[in-house]
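**Student:** For reference, the structure I am asking about is given below.
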Amino acid sequence: MSDLQTILAAGRSGDSAVPYLLDLALWYQWHAGRGTLPPEWAGFSMAQVAHALGVAPWIVERPWRVEYHGVTVTTQKAEGERVMRYETPAGALTARWSLGPDGDWWQTEYPVKTAEDLPAALAVVAAQDYVLNVTPSRVAHDAPPAENTHSALRTPHSALITALELPMHPYSDLLHTLLGWGEGLLLLKGEGRPIILEMLALLEEKLARLTAEIAALPGAVLLAPDNLDGQYVSPRVFRESLAESYRRTAEIAHRHDKRLVVHAGGPVRRLLSLLAEAGVDVVEGVAPPPQGDVSLAEARAAAGPGLILWGGIPQDYLLPARDEAEFTAAVHEAARQAADDGRTILGVADRVPVGADLTRLQAIPQLIRQAVAAD
């Protein structure tokens, strides 16, 4: 069985007690871009850093781009701020982001402010086209570091998981990018509902077409980067606005022998069984408080036996502000629960933060071994 199959099926291989996988993208891009990688990793690719940490590299590639026809889109960047402007036949819209302390862009202004902006937003969606943009990956050719002293899983140096990123599913996409989770939800429940439903239908068609094109590419994983959060998406909303969309994506993925991974960014306990019913294979970002609302054991009880769970370690515990004993206890508990489950991938939910204590990050494989040995 390959390392990819082992991790995604959450099986055991050799002496690997617990499948373990990290999303290093945010942490790596921040430090590599600022020249603050640890000296021993200077010049390393993200794949090489992952190998040094004892995990298979999880590499996300976006094989598509967005083009607009009949709408002019301009972006301006200043120190710590990004502004995007849409000029449409129905009017102009403006969105704004600020650079957060975690290295992510935080959206501070959404294009749609009132119902009067919806015709212009519909024009943007109608003009938007997803275009396949396949370029050969260079990361797969990155050699591993000569030494891999922290490996708890003895991951083969050749192992590398490339996830092909999809656009967000339309409900999440509209609220994350055009409408916002405040005014947008109010418009969806009120006078804006007919136009918003039209926008959702257009995006569903575009997503299904692109998904079929991406699923035909080489690889085994499709990633839906929806940042799913049960604080904003109730089970009722999921059934009404997301279930069929996920089901369609999962069916396309499975026809091409691929697995569908959905990224969660908050509490998801009440949505796990619904994701499983929709055919989703893996949920990334499962975590207990303070980040999420469900431990791995609780998540298994909620999700049923089929769904693969990925996470368990809240990212907060890797920050120096949290007591190291809390971190150790959190890893031990998550590792024990993952070992008992057999269909769980242990990891930092949902991504390794830019301020992570490197010593703690390096210690996770050893803590996993300790936890499993003590059981």
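The values are calculated or read from the model by the stated rules, or taken from the named source; none is laboratory data. These figures come from a predicted structure and were not determined experimentally. Cβ: placed from backbone, ideal geometry, glycine included. Neighbour counts: every protein chain shown.
To keep it simple, each residue is scored yes or no on (1) surrounded by fewer than 17 Cβ atoms within 10 Å (Cβ to Cβ); (2) over 20 Å from Gln366 (Cα atoms); (3) at pLDDT 95 or above; (4) within 23 Å of the chain's Cα centre (by Cα).
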site	(1), (2), (3), (4)
Leu21	no, no, no, yes
Tyr28	no, yes, yes, yes
Gly33	yes, yes, no, yes
Ala50	no, no, no, yes
Leu53	no, no, no, yes
Pro57	no, no, no, yes
Pro63	no, yes, yes, yes
Val66	yes, yes, yes, yes
Val71	no, yes, yes, no
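**Student:** For Leu358, all conditions in the list (1) hydrophobic (A, V, I, L, M, F, W, C); (2) at pLDDT 95 or above; (3) closer than 28 Å to Leu260 by Cβ hold save one; what is the number of the exception?
**Tutor:** (3)
Let's see how each residue does on (1) in contact with a Ser or Thr (Cβ under 8 Å, 6 or more places away or on another chain); (2) more than 30 Å from Ala215 (Cβ to Cβ):
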| position | (1), (2) |
| --- | --- |
| Val55 | yes, no |
| Trp58 | no, no |
| Arg62 | no, no |
| Tyr68 | no, no |
| Val71 | yes, no |
| Thr74 | no, yes |
| Lys77 | no, yes |
| Glu81 | yes, yes |
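**Student:** Moving on. So Ala120 fits all but one of (1) surrounded by fewer than 20 Cβ atoms within 10 Å (Cβ to Cβ); (2) at pLDDT 95 or above; (3) among the hydrophobic types (A, V, I, L, M, F, W, C); what number is the exception?
**Tutor:** (1)
**Student:** Suppose the filter is out of contact with any Gly (no Cβ under 6 Å at 6 or more places or on another chain), closer than 19 Å to Glu298 by Cβ, buried (at least 22 other Cβ atoms within 10 Å of the Cβ) and not aromatic (Phe, Trp, Tyr); does Val262 pass it?
**Tutor:** Details: out of contact with any Gly (no Cβ under 6 Å at 6 or more places or on another chain): yes; closer than 19 Å to Glu298 by Cβ: yes; buried (at least 22 other Cβ atoms within 10 Å of the Cβ): yes; not aromatic (Phe, Trp, Tyr): yes.
Spelling it out, Val262 is indeed out of contact with any Gly (no Cβ under 6 Å at 6 or more places or on another chain), closer than 19 Å to Glu298 by Cβ, buried (at least 22 other Cβ atoms within 10 Å of the Cβ) and not aromatic (Phe, Trp, Tyr).
**Student:** Determine which member of the set Leu174, Leu185 is surrounded by 21 or more Cβ atoms within 10 Å (Cβ to Cβ) and either in contact (Cβ under 8 Å) with a residue 24 or more places away in the chain or assigned to a helix (DSSP H, G or I) (or both). Even if it seems obvious, please write down each step before you answer.
**Tutor:** Details: Leu185 fails: surrounded by 21 or more Cβ atoms within 10 Å (Cβ to Cβ).
Every option except Leu174 fails the conditions.
**Student:** Under 8 Å by Cβ, and 6 or more places apart or on different chains, what pairs join a residue from segment 57-82 that is within 25 Å of Val221 (Cβ to Cβ) and among the acidic types (Asp, Glu) with one that is part of a strand (DSSP E or B) and modelled with pLDDT of 95 or more?
**Tutor:** Qualifying pairs under 8 Å: Glu61/Leu164; Glu61/Glu165.
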